Each structure stands twice: as C-alpha cells, then as structure tokens.
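Enquirer: Here it is, the structure, as structure tokens.
The values are calculated or read from the model by the stated rules, or taken from the named source; none is laboratory data. Keep in mind that what you see is a predicted model, and the values were worked out from it rather than measured. When we count neighbours, we look across all protein chains shown, and the Cβ atoms used for this are built from the backbone with ideal geometry, even at glycine.
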Amino acid sequence: MKNRPIKYWIIVASRDHVQMGVAGGFAQACHGKAQPLKRMQEGDGILYYSSKRYFGKEDKCQAFTAIGRVKDEEVYAFQMSEKFLSV
C-alpha cells in the first residue's frame, strides 16, 4: 500500500449490481466507465448506496448496501449480463 491518506468513495449502483460485485470480489461504478475506478488505490474505503433494487426497474431500495476496501488497483472489464459490460 502506498504511503498516502486513505480516501473513502461512495458509489451509487442498483442493489443487484452491488450484490454481483460483492459475490465476484470486484467493484463497479459509473455504468462501466474505467476512469473513476482508476482513481481508487489499494486500502481505500468503498461504501455502496443503492437507490433501486434492480438495474433498469423502479423498485426502490434507498439504503447503503455494501462496504469494503480496495484490495488492488487492477481495473478490468466484467460481463455483467448479455447486454451490460462493466469495466
């Protein structure tokens, strides 16, 4: 880990996408854009807020749904579904 102050990030994502990331051990943000994730560094904190339960639907969640730490700085693409590629 680099010698710098820890930063804390809040990511807004649907609860189902958060759960996929937790199960797969990865973070996702900004509809698949890599640049926001590249700003995160090992040891940083992440807090997920989900306004919706499911991506593309109106079911409200309005809760914090996950908390964690960045374990490394590798950014890579992940196929969320047939129509959704997250970087």
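Enquirer: Could you please find all residues in the stretch 44-73 being surrounded by fewer than 16 Cβ atoms within 10 Å (Cβ to Cβ) and among the small types (Gly, Ala, Ser)?
Expert: 45, 51, 56, 63, 68, listed by residue number.
Enquirer: Among residues belonging to the stretch 5-21 that are in a helix (DSSP H, G or I) and within 20 Å of residue 42 (Cα to Cα), point out the one that is modelled with the lowest pLDDT. Explain how you work it out, then say what you get.
Expert: Applying the first criterion (in a helix (DSSP H, G or I)) to the stretch 5-21 yields 15-21.
Retained after the next criterion (residues that are within 20 Å of residue 42 (Cα to Cα)): 18, 21.
Working: 18: 94, 21: 89.
Here the answer is 21.
Enquirer: Only residues that are assigned to a helix (DSSP H, G or I) and touching a Pro at 6+ places or on another chain (Cβ under 6 Å): list them for the stretch 22-37, please.
Expert: 30
Enquirer: Of the conditions (1) at pLDDT 95 or above; (2) touching a helix residue (DSSP H, G or I) at 6+ places or on another chain (Cβ under 7 Å), residue 63 satisfies every one except a single condition; which number is it?
Expert: Only one criterion is unmet by residue 63, namely (2).
Enquirer: Another one. Out of the stretch 11-30, which residues are of a type outside the set (Gly, Ala, Ser) and either buried (at least 18 other Cβ atoms within 10 Å of the Cβ) or touching a residue at least 24 places away in the same chain (Cβ under 8 Å) (or both)?
Expert: 11, 12, 15, 16, 17, 18, 19, 20, 22, 26, 28
Enquirer: Still on this structure: If you check residue 40 against the conditions, is it of a type in the set (A, V, I, L, M) and either loosely packed, with under 11 Cβ neighbours inside 10 Å or in a helix (DSSP H, G or I) (or both)?
Expert: Criteria not met by residue 40.
Enquirer: Which of the residues that make up the stretch 9-40 are in contact with a Lys or Arg (Cβ under 9 Å, 6 or more places away or on another chain) and farther than 19 Å from residue 60 by Cβ?
Expert: Matches in the stretch 9-40: 9, 25, 39, 40.
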